[in-house]
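Below is one structure, written out as C-alpha coordinates; the observations come after it.
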Amino acid sequence: MKEHNQLNIANEKFTDFLIKKKLRKTPERYAILKLFYDAENFLSADTIFQIMKNDYRVSLGTIYNTIEVLLECNLIVKHQFSQNQTFFERAYGNNLYFYKICTACGKIKKFSDKNIRIALVSKSDSNFFAQHHSLYIYGLCHNCGKKK
(Lines give C-alpha, C1' and ligand atoms only; values in the text may rest on other atoms or scores of the structure.)
Protein backbone atom coordinates (compact mmCIF):
# COMPACT_ATOMS: atom_id res chain seq x y z
CA MET A 1 0.00 0.00 0.00
CA LYS A 2 2.87 2.36 0.86
CA GLU A 3 4.46 1.92 -2.61
CA HIS A 4 1.10 2.55 -4.29
CA ASN A 5 0.69 5.81 -2.35
CA GLN A 6 4.24 6.87 -3.29
CA LEU A 7 3.44 6.23 -6.95
CA ASN A 8 0.24 8.29 -6.67
CA ILE A 9 2.13 11.22 -5.15
CA ALA A 10 4.91 10.88 -7.75
CA ASN A 11 2.28 10.84 -10.53
CA GLU A 12 0.74 14.05 -9.17
CA LYS A 13 4.11 15.78 -8.93
CA PHE A 14 5.01 14.58 -12.43
CA THR A 15 1.72 15.81 -13.89
CA ASP A 16 2.12 19.22 -12.23
CA PHE A 17 5.68 19.45 -13.56
CA LEU A 18 4.68 18.48 -17.11
CA ILE A 19 1.88 21.07 -17.12
CA LYS A 20 4.18 23.77 -15.73
CA LYS A 21 6.83 23.01 -18.38
CA LYS A 22 4.20 22.60 -21.12
CA LEU A 23 5.35 19.06 -21.90
CA ARG A 24 3.13 16.29 -23.21
CA LYS A 25 1.60 13.82 -20.75
CA THR A 26 2.24 10.59 -22.67
CA PRO A 27 1.48 7.04 -21.54
CA GLU A 28 5.16 6.19 -22.12
CA ARG A 29 6.34 8.85 -19.67
CA TYR A 30 3.97 7.61 -16.98
CA ALA A 31 4.95 3.98 -17.68
CA ILE A 32 8.62 4.88 -17.17
CA LEU A 33 7.79 6.65 -13.91
CA LYS A 34 5.82 3.59 -12.77
CA LEU A 35 8.77 1.31 -13.54
CA PHE A 36 10.97 3.34 -11.21
CA TYR A 37 8.41 3.32 -8.41
CA ASP A 38 7.69 -0.40 -8.80
CA ALA A 39 11.38 -1.37 -8.91
CA GLU A 40 13.11 -2.71 -5.82
CA ASN A 41 16.46 -1.55 -7.11
CA PHE A 42 17.93 0.88 -9.62
CA LEU A 43 17.39 0.71 -13.37
CA SER A 44 19.42 1.63 -16.42
CA ALA A 45 17.98 3.21 -19.56
CA ASP A 46 18.78 0.00 -21.47
CA THR A 47 16.88 -2.10 -18.93
CA ILE A 48 13.85 0.19 -19.21
CA PHE A 49 14.00 -0.07 -23.00
CA GLN A 50 14.09 -3.89 -22.86
CA ILE A 51 11.09 -3.94 -20.49
CA MET A 52 9.01 -1.48 -22.55
CA LYS A 53 9.87 -2.22 -26.18
CA ASN A 54 7.20 -4.90 -26.66
CA ASP A 55 4.31 -3.01 -25.06
CA TYR A 56 5.02 0.61 -26.04
CA ARG A 57 6.19 2.50 -29.09
CA VAL A 58 9.29 3.80 -27.38
CA SER A 59 12.85 4.52 -28.43
CA LEU A 60 15.96 4.73 -26.31
CA GLY A 61 15.89 8.48 -27.01
CA THR A 62 12.41 8.76 -25.51
CA ILE A 63 13.60 6.92 -22.43
CA TYR A 64 16.63 9.20 -22.00
CA ASN A 65 14.46 12.30 -22.52
CA THR A 66 11.97 11.10 -19.92
CA ILE A 67 14.79 10.29 -17.50
CA GLU A 68 16.05 13.87 -17.88
CA VAL A 69 12.56 15.21 -17.10
CA LEU A 70 12.24 12.91 -14.07
CA LEU A 71 15.66 14.05 -12.83
CA GLU A 72 14.70 17.70 -13.29
CA CYS A 73 11.56 17.30 -11.20
CA ASN A 74 13.46 15.31 -8.52
CA LEU A 75 11.45 12.12 -8.86
CA ILE A 76 14.51 9.96 -9.61
CA VAL A 77 18.18 10.05 -8.66
CA LYS A 78 21.16 9.32 -10.89
CA HIS A 79 23.97 6.99 -9.80
CA GLN A 80 27.27 6.84 -11.67
CA PHE A 81 28.95 3.77 -10.18
CA SER A 82 31.75 3.72 -12.77
CA GLN A 83 32.52 5.28 -16.13
CA ASN A 84 30.36 2.65 -17.83
CA GLN A 85 27.55 2.24 -15.29
CA THR A 86 24.78 4.82 -14.99
CA PHE A 87 21.70 3.81 -13.06
CA PHE A 88 18.64 5.61 -11.78
CA GLU A 89 16.22 4.96 -8.94
CA ARG A 90 13.18 6.59 -7.45
CA ALA A 91 13.83 9.53 -5.18
CA TYR A 92 10.46 10.19 -3.56
CA GLY A 93 9.71 7.86 -0.66
CA ASN A 94 13.03 6.08 -0.98
CA ASN A 95 14.88 5.30 2.21
CA LEU A 96 18.46 6.43 2.56
CA TYR A 97 20.67 3.74 1.08
CA PHE A 98 24.37 3.37 0.47
CA TYR A 99 26.20 1.26 -2.09
CA LYS A 100 29.13 -1.17 -2.05
CA ILE A 101 30.63 -1.62 -5.52
CA CYS A 102 33.02 -4.46 -6.29
CA THR A 103 35.88 -3.17 -8.42
CA ALA A 104 36.60 -6.66 -9.79
CA CYS A 105 33.19 -8.02 -10.89
CA GLY A 106 31.09 -4.83 -10.81
CA LYS A 107 28.50 -6.24 -8.38
CA ILE A 108 26.58 -3.51 -6.55
CA LYS A 109 25.08 -4.12 -3.12
CA LYS A 110 22.63 -1.65 -1.63
CA PHE A 111 22.62 -1.31 2.15
CA SER A 112 21.35 0.94 4.92
CA ASP A 113 23.14 1.89 8.12
CA LYS A 114 21.53 3.76 10.97
CA ASN A 115 24.85 5.12 12.29
CA ILE A 116 25.83 6.58 8.91
CA ARG A 117 22.38 8.19 8.56
CA ILE A 118 22.69 9.74 12.04
CA ALA A 119 26.18 11.03 11.22
CA LEU A 120 24.98 12.61 7.98
CA VAL A 121 22.04 14.31 9.67
CA SER A 122 24.13 15.55 12.60
CA LYS A 123 26.70 17.07 10.20
CA SER A 124 24.09 18.88 8.13
CA ASP A 125 24.49 22.59 7.60
CA SER A 126 21.59 24.77 8.72
CA ASN A 127 22.16 26.96 5.64
CA PHE A 128 21.93 24.01 3.26
CA PHE A 129 18.96 21.74 2.54
CA ALA A 130 20.13 18.34 1.31
CA GLN A 131 17.74 16.68 -1.14
CA HIS A 132 19.62 13.39 -1.54
CA HIS A 133 22.60 11.60 -0.04
CA SER A 134 24.82 9.11 -1.82
CA LEU A 135 27.65 7.06 -0.43
CA TYR A 136 29.63 4.70 -2.63
CA ILE A 137 32.16 2.31 -1.14
CA TYR A 138 34.50 0.67 -3.65
CA GLY A 139 36.32 -2.57 -2.86
CA LEU A 140 36.11 -6.30 -3.35
CA CYS A 141 33.01 -8.37 -2.72
CA HIS A 142 33.30 -11.55 -0.67
CA ASN A 143 33.73 -13.83 -3.72
CA CYS A 144 36.33 -11.62 -5.44
CA GLY A 145 38.16 -11.10 -2.15
CA LYS A 146 38.51 -14.87 -1.71
CA LYS A 147 39.98 -15.21 -5.22
CA LYS A 148 42.72 -12.66 -4.50
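The values are calculated or read from the model by the stated rules, or taken from the named source; none is laboratory data. Computed from a prediction, not measured in an experiment: that's the story for all the values here. Glycine gets a Cβ as well: all are built from the backbone with ideal geometry, and neighbour counts include every protein chain shown. In case anyone asks, the SASA skips ligands and DNA or RNA and just uses the protein heavy atoms, side chains included. Shrake-Rupley method; radii C 1.70, N 1.55, O 1.52, S 1.80 Å.
A few remarks follow.
- Charged-residue dipole, Cβ positions (Lys, Arg, Asp, Glu), the chain about Cα centre, Debye nearest 20: 340
- Length added when fully stretched, ASN11-LEU135, from 0.36 nm per residue minus Cα-Cα: 41.9 nm
- With Cα atoms, 0 to 90° folded angle of helix 2-21 axis to the chain main axis: 60
- In this structure region 10-148 gives 66 Å² per residue of accessible area when probed at 1.4 Å with all protein chains present.
- Between LYS21 and LYS114, the modelled labels are 3.9 nm apart [label points 7 Å from Cα along Cα→Cβ].
- From phi via Karplus (6.51, -1.76, 1.60), per-residue ³J(HN,Hα) for region 34-50 in Hz, x at Gly/Pro: 4, 4, 5, 7, 8, 6, 7, 9, 7, 10, 9, 4, 5, 5, 4, 4, 4
- Identified option (computed mean projected area of the Cα convex hull in nm²; candidates (i) 11.5; (ii) 9.6; (iii) 8.5): (i)
- Apportionment of accessible area to carbon and sulfur, region 36-91, percent (1.4 Å): 42
- GLU68 paired with ASN84, simple spin-label distance in nm, labels 7 Å along Cα-to-beta-carbon: 2.6
- Listed cross-link partners LYS20/LYS100; LYS22/LYS100; LYS13/LYS53; LYS34/LYS110; LYS109/LYS148; LYS109/LYS146 are compared with a 29 Å cut-off, the Cα-Cα value being larger for LYS20/LYS100; LYS22/LYS100.
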